[in-house]
1. Let me spell it out: the conditions are (1) under 21 Å from residue 100 (Cα atoms); (2) open to solvent by less than 80 Å² (accessible area, probe 1.4 Å), and residue 5 meets all of them except one. Which number is the exception?
2. Applying the selection to the stretch 13-47, what residues are small (Gly, Ala, Ser) and closer than 28 Å to residue 108 by Cβ?
3. Would you check which residues across the stretch 115-124 are surrounded by fewer than 19 Cβ atoms within 10 Å (Cβ to Cβ), assigned to a helix (DSSP H, G or I) and either touching a residue at least 12 places away in the same chain (Cβ under 8 Å) or not acidic (Asp, Glu) (or both) and list them?
4. Any idea which of 56, 84, 96, 78 is in contact (Cβ under 8 Å) with a residue 40 or more places away in the chain and hydrophobic (A, V, I, L, M, F, W, C)?
5. Here are 209, 141, 148: which of them is of a type in the set (Lys, Arg), surrounded by 11 or more Cβ atoms within 10 Å (Cβ to Cβ) and either more than 30 Å from residue 112 (Cα to Cα) or at pLDDT below 90 (or both)?
6. Residues of the stretch 366-377 being surrounded by fewer than 16 Cβ atoms within 10 Å (Cβ to Cβ) and touching a residue at least 24 places away in the same chain (Cβ under 8 Å), which ones?
7. Answer yes or no as to whether residue 46 is open to solvent by 50 Å² or more (accessible area, probe 1.4 Å) and either among the aliphatic types (A, V, I, L, M) or assigned to a helix (DSSP H, G or I) (or both).
8. Among the residues of the stretch 90-103, is there at least one that is more than 41 Å from the chain's Cα centre (by Cα), part of a loop (DSSP other than H, G, I, E, B) and either closer than 30 Å to residue 128 by Cα or not basic (Lys, Arg) (or both)?
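The values are calculated or read from the model by the stated rules, or taken from the named source; none is laboratory data. Every value quoted in this text rests on a predicted model; they were computed, and no experiment measured them. Note: ideal-geometry Cβ built from the backbone for every residue, glycine included; neighbour counts use all protein chains shown. Just so you know, the surface numbers come from the protein's heavy atoms only, side chains and all, with ligands and any DNA or RNA stripped out. Shrake-Rupley method; radii C 1.70, N 1.55, O 1.52, S 1.80 Å.
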Amino acid sequence: MSGIRSALEELAAEDVRFASDGELVEGLREIERAVSALEVERARRVSELEERGVAAREGLSVTSFLADRFRMAPSWAARYVAWARALARAPRTREALAQGEIHPSAAAVLLQARGSSEELFERDEEVLVDAARTLPHRDLRRVVAHWRQAADPVAAADEADRLYARRRPHVSPTLDGMVRVDGDLDPETGQTLITALDAVVSAEIRDNRDYDMRSYAQRRADALAEICRRYLDSGDRPEVGGERPHVVVNVDLAALLGDPYGRAEFEDAGLLTPPQVRRWSCDADLIRLLSRGRSQPLDVGRRTPVVPPALRRALVARDRGCRYPGCGRPPRWCEAHHVKHWADGGETCLANTILLCRRHHRMVHLGLGLPLVVLDGQPTFLRAGGEPVGLPP
């Protein structure tokens, strides 16, 4: 161990500013080989600790023992233990790693493949290690994926189903004014998205002869926006709430005239600046909505048992989502509810309708939860003592 520390001290004392390019690259190569060898040695010692039961004698798992003794995150300790156990059962991979012939990232791909079929991996390990010695990492992953599918087609099909079940994109506004998009897509959906994004980006690159200052990530973000706009502009979109889906911007007259104190905001994504408002209003359908007091819109639409699009727009502008106290699900999840049912003589007007999500809409019709009344021309929920609650913002 003292030799390792001495070697590190010698490396740290070297002034790399005076090294040639070739010397820098060769030095990095030797350091990578040393790191690979150290990975194997660490795994060998962790395996020995587990074999001797050192952690068990203290009433701890090996993972907990490592996290406690070396002040490391439990996730790192768990990774070291899993790595040690896997290397112990893959002798050719361990040897190639110790010799610096393959990178730890390549070894991780091979060890993950071992989980598909231990018997077939033992048979083909040398071939897979040879691939790791010669192929770039991306090509190695493709080769190993093909091997895993051929080794156990049933497991490969199960894995595909598992990946599909894990799909989970998230889209949500953040506190800093952005909208965050993250999550995971199954391979088929992911490839579809990648192809669509790259098609738009490639078309822009071909058509744009001027110097483009955008990064590739920014180009992809703009491509995603373009794909979504084209979908919303198409004529075969399904209707939502009686209307084809569209981007809604609620703007008061002051904001439309450029007053910085005017109010303008998207339904979900937050506020707009006056220049943004004017840009959006250049090519948009403007729907006049008169309001008074607490931004309460006046009656729109006509007497009908079905809530027309104009009235629904007014409901969205007033309620901003499900009005049941403590809910607030977005408008697209909501239905318009008549406080006094139309069949009982209730009018289809703003004062007699309210946005409720499907769950709370069903609750109200069943007479569950808080009572709903019209109070001073405003649909209002009442607490047990008759206190109004859940008024719109």
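1. (2)
2. The answer is 27, 34, 36, 37, 43, 47.
3. 118, 120, 123, 124
4. 84
5. On the way: 209 fails: surrounded by 11 or more Cβ atoms within 10 Å (Cβ to Cβ); 141 fails: either more than 30 Å from residue 112 (Cα to Cα) or at pLDDT below 90 (or both).
Exactly one of 209, 141, 148 is of a type in the set (Lys, Arg), surrounded by 11 or more Cβ atoms within 10 Å (Cβ to Cβ) and either more than 30 Å from residue 112 (Cα to Cα) or at pLDDT below 90 (or both), namely 148.
6. We begin by selecting, within the stretch 366-377, every residue surrounded by fewer than 16 Cβ atoms within 10 Å (Cβ to Cβ); these are 366-369, 371, 373-377.
Passing the criteria: 369, 373, 374, 377.
7. Spelling it out, it is not the case that residue 46 is open to solvent by 50 Å² or more (accessible area, probe 1.4 Å) and either among the aliphatic types (A, V, I, L, M) or assigned to a helix (DSSP H, G or I) (or both).
8. Keep residues of the stretch 90-103 that are more than 41 Å from the chain's Cα centre (by Cα), which gives none.
Within the stretch 90-103 (the criterion being more than 41 Å from the chain's Cα centre (by Cα), part of a loop (DSSP other than H, G, I, E, B) and either closer than 30 Å to residue 128 by Cα or not basic (Lys, Arg) (or both)), the answer is no, since none of the residues qualifies.
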